[in-house]
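A.B. asks: Can you keep this structure in mind? I'll have questions shortly.
The values are calculated or read from the model by the stated rules, or taken from the named source; none is laboratory data. Remember, it's a predicted structure, so these values are computed and weren't measured experimentally. We place every Cβ from the backbone using ideal geometry, glycine too, and count neighbours over all the protein chains shown.
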Amino acid sequence: MVTVYNSVERIDAEAVNSKEKRSSYAARVKIFPKRVAGAFRQLKWWIMLVTLGIYYVTPWLRWDRGPHAPDQAVLVDLANGRFYFFFIEIWPQELFYIAGLLIMAGVGLFLITSTVGRAWCGYTCPQTVWVDLFLVVERWVEGDRNARIKLDKGPWSFDKWRKRLLKHAIWIVIAVATGGAWIFYFADAPTLLKNFLTFQAPFVAYSTVAILTATTYVFAGFMREQVCTYMCPWPRIQGAMLDEDSLVVTYNGWRGETRGGQKLRRSEGEENFGDCIDCNLCVAVCPQGIDIRDGQQLECITCALCIDACDGVMEKIGKPKGLISYATLRNYNSNVAGVESPTTWRSFVRPRTFIYAGVWSLIGLVMLGFLLTRDRLDINVLHDRNPVYVRLSDGGIRNGYTIKVLNMRAEPRTVTLSMAGIEGATMTITGSDAAPSNSIDVDLKPDKLVSMKVYVSAAAASLKGEVSDITFTVNNTTDEESASYTAKFNGPAER
Amino acid sequence: MANKEVDKLSGIETTGHEWDGIKELNNPLPRWWLWTFYATCIWALGYVIAYPAIPLISSATTGVLGYSSRAEVADELTNAKIAQADMLGKIQSASLDEIRKDPEMLQFAVSGGRSAFLVNCVQCHGSGAAGSPGYPNLNDDDWIWGGKLEDIYVTLKHGIRFQWDDETRDSQMPAFGADEILERDQINDIAEYVRQLAGLEHDAEAATRGVSPYVENCAACHKEDGAGDPEQGAPNLKDAIWHYGSSKQEIAQQIHKPRHGVMPGWVNRLDDETLKKLTVYVHSLGGGE
């Protein structure tokens, strides 16, 4: 089956979704991606290194926040309802920042997809990155494509057992490390690691690691391309995101056809053929097991490995690179029509990308503005509703409030709680010995909310109607931060 | 079956379903999907055997695990009690004043007291403890039988005019009109005088006539200045809070044939920790002395 054409061998490979192989229930066709070298492969190694590095290392970074807050740089503290990200600390009521980030991620995905196609899928999606990592292990243990096919078809010899056990053992180690790294984002990493290894960590830590280990092992080891094809919704949304100016991995059929191998070329004459020598290397290297020459398809994650493979072949046979390349549909069509039309950065310049980029930046800037000007001292006032007011024995009117003061700085502070709006009104705080007055000092613990029951009494004559406005203010004299809340003060209709 | 339509471009059969010219290809399901489906069937079968599942006429199958949501609730309640045991022990041994001064115990007592209040007390005092005519408002600073922690605790334990408790708080105001102790005019004059004591609008002449019958008949309990006496449950007559209304008619009615509130004693129905929590809760409503 091996035909040599200018030292390039024809590989016996076939696309998994070719139409001859269809039944009601299709068994998975095993894919043995061949190793490939090239510019895109190099880029993918770097991206893998960076993304995995970020994932595994981040929980171990430290960030000094003083004695009253954790020193982990990135921490999702679910128990206390805090999210720490380096110099940013987010309280539960500020969760809209997270919502904003998710919206930005969504719009960013639209932007990326409309310009460079499924770059997310091909380069940075965890599924792609971990499958790539698992393939590295698989190749290291079992060899490249041909060796793996041979091993897979061969009998269960000692050598096969040894290789399979080693491969799965390494996979499981990676899977445990992957699931293990996740939990360190939710608790102090060094402490949790110690507790985890001495079986003192909470059950949820072990169950989370177990579940994520299982999903990593199964998804990256066994499911692989089927996750993209059958499970992931993103490929279905692609259709709406791509247009004729999006860069997609394209087989330039206008140049490649009619394809033909050495034998045909010899017998029928070189001039009857295009550049594609039908070596099938693009199919052999594809982790999704498809043939890019069939055109843009759902299964393609645009990992660009076929570009690397084909460029290598073109170089060997002395033809220009780019038989398979990133190209837009518009360029492709004009090339088909005979008008030479190389794909350049100009495909990025169009209203759609500018609108996406604009929306993305706008959300980012608005959030940044909010983040830089946000208050670190806040007050919430809840007026008692049952009863709305109480008549006192001296004829005065009393209203009750639950006042919550939020000290969102990691340092203790003393603030003055004062009120305005009703003449002569005084307040008392339950549990405090302070005499009834117009303003009372309150001690705040670092990074904590303090909830107080406050009673405000006023002479009936000082009320102007059934409902009056009353403004509570907390003020910190040292850092000049203050916050106010205007609530209602109820009284009887007749005084 | 002979004329199955085949999509020309992909060479795949269609299902025959069409939406605005778009036809559905009849692609095969992946085999792992089929196995997942079988796995869920087996899971469902196991679930039916293990858990209550099949409804019978008056009950349902119990399942081999013997699970029931009622037992789970009972378990959770037991666990909650165990979790509270520590705080309940502290409440039990602490004095009322100690509970009030300790922020942790105070919070526990107030929320526990509120729960007990919502079960046992709301029927008369209302869910906000604001009362209604004849049922005192517990938020204000006027207390018929005293508003100190100890006073509230005793009231809660033994009730008021509660005939089944020997230690109950008890006092009786004579029916001055119905029992013909006072004349109609005298009752009218006393009512005017009481309104004068409270600083309300009144007939000055009648009020002056009411002074001497008030001193003779009422001052023993309500005191000469009308300040009342919590020891005997005699309400303060000169403040702004009125148990049965402040109009002259309402006051005269009360002198003629007084109504008396009755509150049950709870000592035999609630445990001591609950009574303490209730006391601290009522005291925390803003009027506690």
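A.B. asks: Considering segment A:314-347 alone, what residues qualify as being aromatic (Phe, Trp, Tyr) and surrounded by fewer than 15 Cβ atoms within 10 Å (Cβ to Cβ)? Outline the logic, then answer.
C.D. replies: Going through segment A:314-347, the residues aromatic (Phe, Trp, Tyr) turn out to be A:326, A:332, A:345.
Listed by number, the list holds a single entry, A:Trp345.
A.B. asks: Something else: Looking only at segment B:87-99, count how many residues are within 14 Å of another protein chain (Cβ to nearest Cβ) and surrounded by 17 or more Cβ atoms within 10 Å (Cβ to Cβ). Lay out the reasoning, then the answer.
C.D. replies: To start, the set of residues in segment B:87-99 that are within 14 Å of another protein chain (Cβ to nearest Cβ) comprises B:97-99.
Narrowing the set further to residues that are surrounded by 17 or more Cβ atoms within 10 Å (Cβ to Cβ) leaves B:99.
So the count comes out to 1.
A.B. asks: Report yes if A:Tyr332 is aromatic (Phe, Trp, Tyr), within 14 Å of chain B (Cβ to nearest Cβ) and out of contact with any Leu (no Cβ under 6 Å at 6 or more places or on another chain), otherwise no.
C.D. replies: So A:Tyr332 fails the test.
A.B. asks: Specify the residue that is farthest from A:Arg255 (Cα to Cα); the eligible residues are those in segment A:334-358 that are in contact with a Ser or Thr (Cβ under 7 Å, 6 or more places away or on another chain) and modelled with pLDDT of 90 or more. Full working, then the answer.
C.D. replies: Taking segment A:334-358 as the starting set, the residues that turn out to be in contact with a Ser or Thr (Cβ under 7 Å, 6 or more places away or on another chain) are A:334-335, A:341, A:343, A:347-348, A:352-353, A:356.
Right, trim to modelled with pLDDT of 90 or more and you get A:334-335, A:352-353, A:356.
On the way: A:Ser334: 12, A:Asn335: 9, A:Arg352: 30, A:Thr353: 29, A:Tyr356: 34 Å.
Here the residue is A:Tyr356.
A.B. asks: Return the residue satisfying two criteria in turn: it lies in segment A:4-14 and is touching a Lys or Arg at 6+ places or on another chain (Cβ under 9 Å) and in a loop (DSSP other than H, G, I, E, B), and of such residues it is modelled with the lowest pLDDT. Give the steps one after another, and end with the answer.
C.D. replies: Our first condition is that a residue be touching a Lys or Arg at 6+ places or on another chain (Cβ under 9 Å); within segment A:4-14, this holds for A:4-8, A:11, A:13-14.
After this cut, where a residue has to be in a loop (DSSP other than H, G, I, E, B) as well, the list is A:6-7, A:11, A:13-14.
Values: A:Asn6: 66, A:Ser7: 71, A:Ile11: 80, A:Ala13: 80, A:Glu14: 76.
Applying the filter and picking the extreme gives A:Asn6.
A.B. asks: Here's a follow-up. Take segment B:240-289 and flag every residue that is touching a helix residue (DSSP H, G or I) at 6+ places or on another chain (Cβ under 8 Å), within 13 Å of chain A (Cβ to nearest Cβ) and closer than 30 Å to B:Gln186 by Cβ.
C.D. replies: B:Trp242, B:Ser246
A.B. asks: State the number of residues belonging to segment A:449-495 that are among the polar types (S, T, N, Q) and within 13 Å of chain B (Cβ to nearest Cβ).
C.D. replies: 3
A.B. asks: Does B:Ile42 count as more than 29 Å from B:Thr274 (Cβ to Cβ), part of a helix (DSSP H, G or I) and in contact (Cβ under 8 Å) with a residue 12 or more places away in the chain?
C.D. replies: Working: more than 29 Å from B:Thr274 (Cβ to Cβ): yes; part of a helix (DSSP H, G or I): yes; in contact (Cβ under 8 Å) with a residue 12 or more places away in the chain: no.
The answer is no for B:Ile42.
A.B. asks: Does B:Leu9 satisfy being within 14 Å of chain A (Cβ to nearest Cβ) and free of Cβ contacts under 8 Å to residues at least 24 places away in the same chain?
C.D. replies: On the way: within 14 Å of chain A (Cβ to nearest Cβ): yes; free of Cβ contacts under 8 Å to residues at least 24 places away in the same chain: yes.
Considered against the rule, which asks whether it is within 14 Å of chain A (Cβ to nearest Cβ) and free of Cβ contacts under 8 Å to residues at least 24 places away in the same chain, B:Leu9 comes out as yes.
A quick yes/no check of all residues on (1) touching a residue at least 40 places away in the same chain (Cβ under 8 Å); (2) closer than 17 Å to A:Leu135 by Cα; (3) in contact with a Leu (Cβ under 6 Å, 6 or more places away or on another chain):
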site	(1), (2), (3)
A:Arg164	no, yes, no
A:Ile174	yes, yes, no
A:Lys194	no, no, no
A:Phe203	no, no, no
A:Val218	no, yes, no
A:Glu225	yes, yes, no
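A.B. asks: Then there is this: Going by the structure shown, is B:Gly146 surrounded by fewer than 20 Cβ atoms within 10 Å (Cβ to Cβ), in a loop (DSSP other than H, G, I, E, B) and within 14 Å of chain A (Cβ to nearest Cβ)? Spell out how you get there, then give the answer.
C.D. replies: Numbers: surrounded by fewer than 20 Cβ atoms within 10 Å (Cβ to Cβ): yes; in a loop (DSSP other than H, G, I, E, B): yes; within 14 Å of chain A (Cβ to nearest Cβ): yes.
The answer is yes for B:Gly146.
A.B. asks: Which residue, of B:Asp165, B:Asp102, is among the charged types (D, E, K, R), within 12 Å of another protein chain (Cβ to nearest Cβ) and under 24 Å from the mean Cα position of the chain (by Cα)?
C.D. replies: Values: B:Asp165 fails: within 12 Å of another protein chain (Cβ to nearest Cβ).
Answer to the check: B:Asp102.
A.B. asks: Further question: Quick one: in segment A:254-277, of everything that is buried (at least 18 other Cβ atoms within 10 Å of the Cβ) and in contact (Cβ under 8 Å) with a residue 60 or more places away in the chain, which residue is farthest from A:Ile324 (Cα to Cα)?
C.D. replies: A:Gly261
A.B. asks: Do any strands (runs of 3 or more DSSP E) entirely within segment A:312-431 hold 2 or more residues that are touching a residue at least 40 places away in the same chain (Cβ under 8 Å), farther than 30 Å from A:Ser451 by Cα and not assigned by TED's automatic domain parsing to the domain that holds A:Phe40, and if so, which? Break it down stepwise before answering.
C.D. replies: On the way: elements: A:324-327, A:377-383, A:397-407, A:413-420, A:426-429.
Ranges flagged: A:324-327.
A.B. asks: Looking at (1) closer than 30 Å to B:Thr36 by Cα; (2) buried (at least 16 other Cβ atoms within 10 Å of the Cβ), find the lone condition where A:Phe184 falls short.
C.D. replies: It fails just one condition, (1).
A.B. asks: Looking only at helices (runs of 4 or more DSSP H) that fall completely inside segment A:103-217, which ones have 3 or more residues that are within 19 Å of the chain's Cα centre (by Cα) and within 30 Å of A:Ala73 (Cβ to Cβ)? Lay out the reasoning, then the answer.
C.D. replies: Values: elements: A:126-142, A:145-153, A:158-183, A:189-197.
Where helices (runs of 4 or more DSSP H) fall fully within segment A:103-217 and carry at least 3 residues being within 19 Å of the chain's Cα centre (by Cα) and within 30 Å of A:Ala73 (Cβ to Cβ), they are A:126-142, A:158-183.
A.B. asks: A:Ala460 fails exactly one of the following numbered conditions: (1) in contact with a Lys or Arg (Cβ under 8 Å, 6 or more places away or on another chain); (2) under 17 Å from A:Asp384 (Cα atoms). What is the number of that condition?
C.D. replies: (2)
A.B. asks: Then there is this: From the list B:Gln123, B:Gln84, B:Gln107, pick out the single residue that is of a type in the set (S, T, N, Q), surrounded by fewer than 10 Cβ atoms within 10 Å (Cβ to Cβ) and in the same structural domain as B:Glu150 (by TED's automatic domain parsing). Can you show your working first?
C.D. replies: On the way: B:Gln84 fails: surrounded by fewer than 10 Cβ atoms within 10 Å (Cβ to Cβ); B:Gln107 fails: surrounded by fewer than 10 Cβ atoms within 10 Å (Cβ to Cβ).
Checking each option against the conditions leaves just B:Gln123.
A.B. asks: Can you go through A:Val390, A:Val366, A:Val359 and tell me which one is within 14 Å of chain B (Cβ to nearest Cβ) and among the hydrophobic types (A, V, I, L, M, F, W, C)? I'd like the intermediate steps shown before the answer.
C.D. replies: Details: A:Val366 fails: within 14 Å of chain B (Cβ to nearest Cβ); A:Val359 fails: within 14 Å of chain B (Cβ to nearest Cβ).
A:Val390 is the lone residue from the list that is within 14 Å of chain B (Cβ to nearest Cβ) and among the hydrophobic types (A, V, I, L, M, F, W, C).
A.B. asks: Could you check how many residues of segment B:17-49 are under 16 Å from A:Ser24 (Cα atoms), out of contact with any helix residue (DSSP H, G or I) (no Cβ under 8 Å at 6 or more places or on another chain) and either more than 14 Å from every other protein chain (Cβ to nearest Cβ) or not polar (S, T, N, Q) (or both)? Walk me through it before giving the result.
C.D. replies: Restricting attention to segment B:17-49, the residues satisfying the condition of being under 16 Å from A:Ser24 (Cα atoms) are B:24-38.
Keeping just the survivors that are out of contact with any helix residue (DSSP H, G or I) (no Cβ under 8 Å at 6 or more places or on another chain) gives B:24-29, B:31, B:34-38.
So of that shortlist, the ones also either more than 14 Å from every other protein chain (Cβ to nearest Cβ) or not polar (S, T, N, Q) (or both) come out as B:24-25, B:28-29, B:31, B:34-35, B:37-38.
Total meeting the criteria: 9.
A.B. asks: Any idea how many residues of segment A:405-448 are of a type in the set (D, E, K, R) and within 14 Å of chain B (Cβ to nearest Cβ)? So that I can check it myself, show each step before the final result.
C.D. replies: Initial filter on segment A:405-448 (of a type in the set (D, E, K, R)): A:409, A:411, A:413, A:423, A:433, A:441, A:443, A:445, A:447-448.
Then keep just the ones that are within 14 Å of chain B (Cβ to nearest Cβ); that gives A:433, A:443, A:445, A:448.
Final tally of qualifying residues: 4.
A.B. asks: In the set A:Phe199, A:Phe203, which member is surrounded by fewer than 20 Cβ atoms within 10 Å (Cβ to Cβ) and either of a type in the set (A, V, I, L, M) or in contact with a helix residue (DSSP H, G or I) (Cβ under 9 Å, 6 or more places away or on another chain) (or both)? Walk me through how you get there before you give the answer.
C.D. replies: On the way: A:Phe203 fails: either of a type in the set (A, V, I, L, M) or in contact with a helix residue (DSSP H, G or I) (Cβ under 9 Å, 6 or more places away or on another chain) (or both).
Of A:Phe199, A:Phe203, the one residue that is surrounded by fewer than 20 Cβ atoms within 10 Å (Cβ to Cβ) and either of a type in the set (A, V, I, L, M) or in contact with a helix residue (DSSP H, G or I) (Cβ under 9 Å, 6 or more places away or on another chain) (or both) is A:Phe199.
A.B. asks: Kindly provide the set of residues from segment B:196-239 that are basic (Lys, Arg) and either more than 14 Å from chain A (Cβ to nearest Cβ) or surrounded by 22 or more Cβ atoms within 10 Å (Cβ to Cβ) (or both), ordered by number. Reasoning before the result, please.
C.D. replies: Kept after step one, since they are basic (Lys, Arg), are these residues of segment B:196-239: B:209, B:223, B:238.
B:Arg209, B:Lys223 - these are the residues of segment B:196-239 that are basic (Lys, Arg) and either more than 14 Å from chain A (Cβ to nearest Cβ) or surrounded by 22 or more Cβ atoms within 10 Å (Cβ to Cβ) (or both).
A.B. asks: Give just the number: which of (1) in a loop (DSSP other than H, G, I, E, B); (2) within 33 Å of the chain's Cα centre (by Cα) does B:His283 not satisfy?
C.D. replies: (1)
A.B. asks: Now a separate question. Checking B:Arg161 against (1) buried (at least 20 other Cβ atoms within 10 Å of the Cβ); (2) at positive phi; (3) charged (D, E, K, R), only one condition comes out false. Which one?
C.D. replies: The failed condition is (1).
A.B. asks: Exactly one condition in (1) in the same structural domain as B:Asn268 (by TED's automatic domain parsing); (2) modelled with pLDDT under 95 is not met by B:Ala178; state its number.
C.D. replies: Only one criterion is unmet by B:Ala178, namely (1).
A.B. asks: Please enumerate the residues belonging to segment B:123-143 that are within 11 Å of chain A (Cβ to nearest Cβ) and either of a type in the set (Val, Ile, Thr) or on the phi > 0 side of the Ramachandran plot (or both).
C.D. replies: Scanning segment B:123-143 gives B:Gly126, B:Ala129, B:Gly131.
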